[in-house]
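Participant: Right, I'll just put the structure down here and ask away after.
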Amino acid sequence: MYSLIHLDLKGVSGLLHRWLSQNVTKESLTWLDEKIKQIAQGNQDRVFFTSFSAVPRYTGKKNLELIPEDLQAVAIQRSWFPGHWSVDQAARTLLILALPQDNVEKYLRSLEQIFTTADVGELVALYQSLPILPYPERLCARAAEGVRSNMTSVFNAIALQNPYPADYFDNNAWNQMVLKAVFVGSPLHLIVGLDRRANPDLARMLADYAHERWAAKRPVTPELWRPVGRFADTRIVADLEKVLNAPDAVQQEAAALACSQCPLPQAQELLARHPNLQSSIEQGRLTWSSFSQNRLLAFIQP
C-alpha cells in the first residue's frame, strides 16, 4: 500500500487553488478563500457543512480546464487524476483539505458526517478526493460504501480514474469492484491499477460471469478478458478459444491479447492459429493500451 505521508497535501491544495483561480471569478475565489480560512481556524462545525453544500452557487459546475503543464504537475503527486473534475468538485476538495487534521478522530468524524448527509453531486466530489486525503488507511470502509452504491456516478467516482482502491482495497473488495464495473458497463481501462491488481480469483469470477452472460444469450464486454489472461487455466483457455472464433473483430483481439499473456502452452498454440493477431501483438501494434476507448464504443452491452 502507498502511504499519503509522502504526498504533499499543501502542494495539492496549492495546485487546486491555482487551477480554480484560472477557472472561476475573483469574487468566487474570494468567497472560497474566506471559507477555507474560517474552516482552518477550527470553525468547521459552523462553516464547513453549509459552505460545502453552497459551493456550486459560487463556482458553477463547468469542467476544470487544465493545460499539459497542469497535468505534468499532477504527475508529481502520484497517480491522482483530476483532469475530469469540475470546478465545484475542486473547490469542495479544497474545503475538505482545509479541515484541521491534528485530531485524527475529530477529523474523521467530520468527514463521515459530510459523507452521510451528502447528495449525489457531493458524494462524487468526496469519493474522487479520497486519494489525496490524510489517513487513507482509515477510509477503506467508507470507500467500500461507494462501491456498493446503486448510483453509477457515485460508483464510478471511486472505481474509475481513482488510485485509492488499487492502493488500499484487499483482494476481495478489489475483485467485487471490478466485477461490478463489468456488470454496470463501466469502462475497465479507466480502473487505475487494473493490470497490477489482477489475480487468480478475479480471473475465475470474470470467466464465471462470462458464462452467465452467454447462457442468457447476452454479450460480454471484451475488456472482461484483460485481467484474466495471466491467470487463465485450461477451462478459461477454452473460453478464449470460443471468443477467438466469434465473428466480432474486437472480441477476437481481446481474446488474443489475453492468450498472449497466458503462460499455458495451450494458450500459445491457440494464439498461433491466428497468425495475423499474433503478429500484431508481437510487433506491438496490438496492446491493451491500443485497445482504445473509441474502439470499445462500438461494443454496446445492453
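Any read-out appearing in this document is the output of simple, stated calculations on the displayed coordinates, not a laboratory observation. Remember, predicted model here, so these are calculated numbers, not experimental data. Note: ideal-geometry Cβ built from the backbone for every residue, glycine included; neighbour counts use all protein chains shown.
Participant: Defining a contact as two alpha carbons under 8 Å apart and six or more residues distant in sequence, what relative contact order in percent does the chain show?
Facilitator: Details: 332 pairs, mean separation 37.1, N = 302.
The value is 12 percent.
Participant: Right, something else. Taking the range 49-148, which trypsin sites (Lys or Arg not before Pro) meet the DSSP loop condition and have no more than 13 other C-beta atoms within 10 Å?
Facilitator: Values: sites: R57, K61, K62, R78, R92, K106, R109, R138, R142, R148; in loops: K61, K62, R78.
Passing both the DSSP loop test and the Cβ count: K61, K62.
Participant: With equal scatterers on the alpha carbons only and no solvent term, can you work out the Debye log10 of I(q)/I(0) for the range 99-252 at 0.08, 0.12, 0.13, 0.17 1/Å?
Facilitator: -0.28, -0.56, -0.64, -0.95
Participant: Hey, which lysines would be in cross-link range of K26, C-alpha to C-alpha under 23 Å, not counting anything within fewer than 8 residues on its own chain?
Facilitator: The qualifying lysines are K10, K35, K37, K61, K62.
Participant: Moving to a separate point now. Given the C-alpha atoms of the range 176-238, compute the convex hull and give its volume per residue in Å³.
Facilitator: 78 Å³
Participant: K242: which lysines have alpha carbons under 24 Å from its alpha carbon, excluding same-chain residues fewer than 8 sequence positions away?
Facilitator: K180, K217
Participant: When averaged across all projection directions, what area in nm² does the alpha-carbon convex hull of the range 1-169 cover? Working shown, then result.
Facilitator: Numbers: hull surface 35.4 nm².
For the range 1-169, averaging the hull's shadow over all directions gives 8.8 nm².
Participant: Long-range amide H contacts for S86: which residues qualify at under 5 Å (H placed 1.01 Å from N, peptide plane, sequence gap of 5 or more or a different chain)?
Facilitator: L64
Participant: Rounded to whole Hz and in sequence order, give me ³J(HN,Hα) for the range 174-189 from the Karplus expression 6.51 cos²θ - 1.76 cosθ + 1.60, θ = phi - 60°, writing x for Gly and Pro.
Facilitator: Karplus values, whole Hz, x for Gly and Pro: 4, 4, 5, 5, 5, 4, 5, 4, 5, 4, 8, x, 6, x, 5, 5.
Participant: Over its Cα atoms, what ratio of radius of gyration to 2.2 N^0.38 Å does the range 87-183 give?
Facilitator: Computed over Cα atoms of the range 87-183, the ratio equals 1.03.
Participant: Convert each backbone phi in the range 11-22 into a coupling constant with the Karplus relation 6.51 cos²θ - 1.76 cosθ + 1.60 (shift: θ = phi - 60°), then list the ³J(HN,Hα) values in order as whole Hz, x for Gly and Pro.
Facilitator: x, 4, 4, x, 4, 4, 5, 5, 5, 5, 4, 9
Participant: Starting with the highest mean, order 215-228, 235-248 by the number of other Cβ atoms within 10 Å, averaged over the residues of each peptide.
Facilitator: Order by mean packing, descending: 215-228, 235-248.
Participant: Give me the Kirkwood hydrodynamic radius of the range 154-211, using the inverse of the mean 1/r over all pairs of distinct Cα atoms, in Å to one decimal.
Facilitator: Computed over Cα pairs of the range 154-211, the Kirkwood hydrodynamic radius comes out at 11.3 Å.
Participant: Between A166, G185, L97, whose Cα lies farthest towards the positive end of the dipole of the chain when Lys and Arg beta carbons carry +1 and Asp and Glu beta carbons carry -1, centred on the Cα centre?
Facilitator: Farthest along the dipole direction, towards plus: G185.
Participant: Let me ask something else about it. Using θ = phi - 60° and the Karplus form 6.51 cos²θ - 1.76 cosθ + 1.60, what ³J(HN,Hα) does each residue of the range 229-239 get, whole Hz, x for Gly and Pro?
Facilitator: Values per residue, Gly and Pro as x: x, 5, 10, 5, 9, 4, 5, 5, 4, 5, 5 Hz.
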